[in-house]
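The values are calculated or read from the model by the stated rules, or taken from the named source; none is laboratory data. Just so it is clear, the structure is predicted and the values come from calculations on it, not from any experiment. Each accessible area value is taken on the protein alone, full model and side chains, heavy atoms only, with ligands, DNA and RNA left out. Shrake-Rupley method; radii C 1.70, N 1.55, O 1.52, S 1.80 Å.
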Amino acid sequence: MYRVLVVDDSAFMRQFIKSFLESTGKFVVTVAQTPLIALDKVRKFKFDVITIDYEMPYMNGVELIRKIKEIKDAKILMISAYTRPGAYTTFEALSAGAFDYILKPTSEDELEEFKYELIKKLTTVCEECKSEEGSKPHGAITSLEDRLTIEKSIIERAKLAKVVGIGISTGGPPVLERMFKSLKKDFPIPILVVQHMPPNFTKPFADRLASITSKCIKEASDTEEIKGGCIYIAKGGYHLAVEEIDGKLYTRVLDLEKIKSHKPSADILFSSIAEACGKASMGIIMTGMGSDGSDGILEMRKKGALTIAQDEKSCVVFGMPKAAIEKGAVELVLNPDQIVELLNSI
């Protein structure tokens, strides 16, 4: 049984979340109607995960996250509004220490989807925290010392890349923020990113990254020529792909069916990179639940591309990297700092 603290000033939402979580038999739920009560409970009891609403009396959800983090390193899920302002607030919450977010239902029709997503996210992060340390991936380089022995050959292969593709989900925004901050100003290769997000969130996310990093970062648009040194974020609700035309690379924004329940899907991006660039590319699969990206990055490796997975220790959820590693799609397993170190060596 996992212990959950639900912080929400709405009596309906507190009882609604408590009832359906406890009905699964997986969770014991404690509720708090104000941030002050929540802080008192955090000091007195241990919780596996905490859900926090943004709009509350005395202090907002982001302020509460920061205060909880001062007390203990708790796993916190933000309940966000499905709006542009809600998106900006969500990124503040993730930067403050929330591991993920979930969109608050706005109608009765959305309640079942909310219940499904909340149970999935809470179960996954609780199981990750309780699980034993995973075994080393077979055939993959897993330490900085190992990587240094082949650094020259890896860097030479990385220099051949015409494009870098990144697939990432749960826990991704703060990781990308730190990585792109650390990426050298004159990094020459374009980067395309699939970060699982709803439609209203990807443009604010790209704008936030551009503001924080002072780099060329934008939400991808269709048939845009891909320029060196720019970072393109997949548009929420659409797939992002790469197409080669007359020796130049272009973005494609595609309104196709979901792949593994995702749109955008990392599988689409990686597969298109494999087709357009072959071995002259790099694929990076990072923190996230599920297996999106594992098939596409396998195609990249079969074409000779350099393929990298984020290591288990630094992942919020190891699902996506683990699935790719188990398929034999990954050549290197590195933490985000090591990935940036490799990129900055190009």
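Observations on the structure shown:
- Alpha-carbon Debye profile of region 1-127, log10 I(q)/I(0) at 0.11, 0.18 Å⁻¹: -0.32, -0.93
- Of all the options F318, F45, F270, the one that moves most in a Gaussian network model of the chain with Cα springs shorter than 10 angstrom is F45.
- Tensor-based shape of region 1-40 (alpha-carbon gyration tensor, a/c under 1.5 rounded, otherwise prolate or oblate): oblate
- Taking the C-alpha atoms only, the angle from helix 111-130 to the longest principal axis of the chain is near 70 degrees.
- Counting every pair of alpha carbons in region 239-346, the share spaced more than 19 Å apart comes to 44 percent.
- Of all accessible heavy-atom area on the chain, the percent that carbon and sulfur account for (1.4 Å): 49 percent
- Take every pair of alpha-carbon atoms less than 8 Å apart whose residues are at least six positions apart; their mean separation over the length of region 265-346 yields a relative contact order of 30 percent.
- The calculated Kirkwood hydrodynamic radius for region 276-334 is 10.9 Å, given to one decimal from all distinct C-alpha pairs.
- For the chain, relative contact order (Cα pairs under 8 Å, six or more residues apart, normalised by length) works out to 14 percent.
- Using the alpha carbons alone, the radius of gyration of the chain stands to its Kirkwood radius in an Rg to Rh ratio of 0.98.
- Between region 1-37 and region 239-290, the Cα center-to-center distance that results, in Å: 39 Å
- Top of D100, D222, D267 by mean-square fluctuation, Gaussian network on the chain, Cα under 10 Å: D222
- Over region 21-78, Cα pairs under 8 Å with separation of 6+ residues give a relative contact order of 34 percent.
- Straight-distance candidates among the lysines for linking to K215, with alpha-carbon spacing under 17 Å and chain neighbours fewer than 8 residues away dropped: K181, K184, K185, K203, K227.
- The long axis of helix 199-213 is offset from the longest Cα principal axis of the chain by roughly 70 degrees.
- Beta bridges per DSSP, both residues in region 236-322: antiparallel share near 65 percent.
- Global form of region 208-268, assessed from the alpha-carbon gyration tensor, a/c cut-off 1.5: oblate
- Taking all protein chains into account, the per residue accessible area for the chain stands at 44 Å² (1.4 Å probe).
- Per-residue ellipticity at 222 nm computed for the chain from its helices equals -13000 deg cm²/dmol, with DSSP H segments shorter than 4 residues left out and the rest contributing -39,500 (n - 2.57).
- 0 to 90° range, to nearest 10: angle between helix 172-182 axis and the chain longest Cα axis: 50 degrees
- GNM remark for the chain: springs join alpha carbons under 10 Å apart, and the peak mean-square fluctuation among A220, A266, A309 falls on A220.
- One equal scatterer on each Cα of region 159-283, no solvent, Debye formula: the resulting log10 I(q)/I(0) at q = 0.09, 0.10, 0.16, 0.17 Å⁻¹ is -0.21, -0.26, -0.70, -0.80.
- By definition, a body whose alpha carbon gyration tensor gives a ≥ b ≥ c is prolate when a/c is 1.5 or more and a/b is larger than b/c, and region 157-203 fits this prolate description.
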